[in-house]
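Participant: So that we are looking at the same thing, I have put the structure below in structure tokens.
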Amino acid sequence: MNDQTPSWVRSEPGKATLEGVNWGGLSTLYIKEVRRFFKVQMQTVWAPAVTTLLYLIIFTVALGREGKTVLGVPFADFIAPGLIVMAMLQNSFANSSFSLLVGKMQGTIVDYLMPPLSVGELIAGLVGASVTRAVLVGLAVWFIMALWPGVHVGIAHPLSIIWFGMMGSLMLAFLGLLTSVWADKFDHAAVVSNFVVAPLSLLSGTFYSVEQLSPTFRAISHANPFFYVISGFRHGFLSESDSPIIIGAIGLLIINVALFSACYAVLKSGWKIKN
């Protein structure tokens, strides 16, 4: 038997023919995911912006009277940055927790697994689309708040806004991706959203300064990674924060590296998506 590969075969059977990054496949997946949520932008981008504005109105009416200040700034200016990044976090999670889950439920998961994409490229496409949605929601909220009377959202430190906005969006995108792999139905994803994401975001100093809390609850707040996202993001607007900026920036980077490693290991093993 002749074991030599015929001359007309361009590569040996089973040998990968794509080298490096499959930019064509990666960009196609990214564009597909962006188009998916952008087709219903009133629901995925503008509705969260309006909901966040309602938070601002309600809390400023209830707590922002009589010139109330927090960290030396008006209450409305204090909560506005936290509301912007909170909307970004929640929508980043919502986007990444949907794709693989709906694929498993509808039997179209093969559309993600069959293309010649590595695990890293699959993660990059899904997470990149989630971060894009988070950025669009953040810009929409910021634009509306900039037009709202009595609220000042001028940018003081762009680097803080970019870093903590990106780190927070990535963190929730990775968490959403892990959730979509683990979940078997939308109820499972809703459990993580309602009992993990929502409480951690609402109890992260968005509406108050943790310096006003008792030592016990202050220590609990400092163990919440969402707290560092909101505190660092707020620093970009107000030059004030409840936490050391450098510690928060490095800590979030470490968390994202750990979450990426977990996503890579889970998708590489094929747990609950190939079995």
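Participant: Farthest toward the dipole's positive end in region 23-269, which of Met166, Val127, Leu101, given Cβ charges of +1 (Lys, Arg) and -1 (Asp, Glu) about the Cα centre?
Facilitator: So the residue furthest toward the plus end is Leu101.
Participant: Report relative contact order for the chain in percent, whole number only (criteria: Cα-Cα under 8 Å, sequence separation at least 6).
Facilitator: Details: 341 pairs, mean separation 66.7, N = 275.
Value for the chain: 24 percent.
Participant: Just name one of Ile250, Leu202, Phe38: the one whose Cα is farthest towards the positive end of the charge dipole of the chain (beta-carbon charges, Lys/Arg +1, Asp/Glu -1).
Facilitator: Ranked along the dipole, the leading option is Phe38.
Participant: Just to verify a number: FRET efficiency for Phe186 and Asn22, C-beta to C-beta distance, R0 = 41 Å, to 0.05? Walk me through the numbers on the way to the answer.
Facilitator: Values: r = 31 Å, r/R0 = 0.75.
Efficiency, from the Cβ-Cβ distance: 0.85.
Participant: Ok, one more. Can you compute the modelled spin-label distance between Ser261 and Leu159, with each label point 7 Å from Cα toward Cβ, in nm?
Facilitator: 2.7
Participant: May I ask you to compute the full-extension gain from Ser214 to Ser269, defined as 0.36 nm times their residue separation minus their alpha-carbon distance, rounded to one decimal in nm? Numbers along the way, then the final one.
Facilitator: On the way: separation 55, 0.36 × 55 = 19.80 nm, distance 4.44 nm.
Going from the current span to full extension adds 15.4 nm.
Participant: Additional query: Can you order the peptides 197-205, 87-95 by their average number of other Cβ atoms within 10 Å per residue, highest first?
Facilitator: The peptides rank, most packed first, as 87-95, 197-205.
Participant: Within region 163-198, which residues have the backbone N less than 11 Å from the label spot 7 Å out from Val102 along Cα→beta-carbon, could you tell me?
Facilitator: Within reach of a label on Val102: no residues.
Participant: Moving to a separate point now. May I ask you to compute the full-extension gain from Arg35 to Ile57, defined as 0.36 nm times their residue separation minus their alpha-carbon distance, rounded to one decimal in nm?
Facilitator: Values: separation 22, 0.36 × 22 = 7.92 nm, distance 3.15 nm.
Taking 0.36 nm per residue and subtracting the Cα distance, the gain is 4.8 nm.
Participant: Tell me what the chain gives for mean residue ellipticity at 222 nm when only DSSP H runs of n ≥ 4 count, each as -39,500 (n - 2.57), the sum divided by the residue total, rounded to 500 deg cm²/dmol.
Facilitator: On the way: 12 runs with 180 residues, N = 275.
So the calculated ellipticity at 222 nm is -21500 deg cm²/dmol.
Participant: If you find the alpha carbon centre of region 88-148 and of region 192-271, how far apart are they in angstrom?
Facilitator: 20
Participant: Run the quick spin-label model on Lys68 and Val110: label points 7 Å from Cα toward the beta carbon, then report their separation in nm to one decimal.
Facilitator: So the two model labels end up 5.7 nm from each other.
Participant: Give the peptides 231-238, 170-177, 32-39 in descending order of average Cβ contacts within 10 Å, highest first. Don't skip to the end; give the middle numbers.
Facilitator: Numbers: 231-238: 25.5, 170-177: 27.0, 32-39: 15.8.
Averaged packing, sorted descending, gives the order 170-177, 231-238, 32-39.
We did not get these values from a lab; they are worked out from the coordinates using the rules stated. Just so you know, these numbers come straight off a predicted model, no measurement behind them. Don't worry about glycine lacking a Cβ; one is built from the backbone with ideal geometry, like all the others, and counts go over all protein chains shown.
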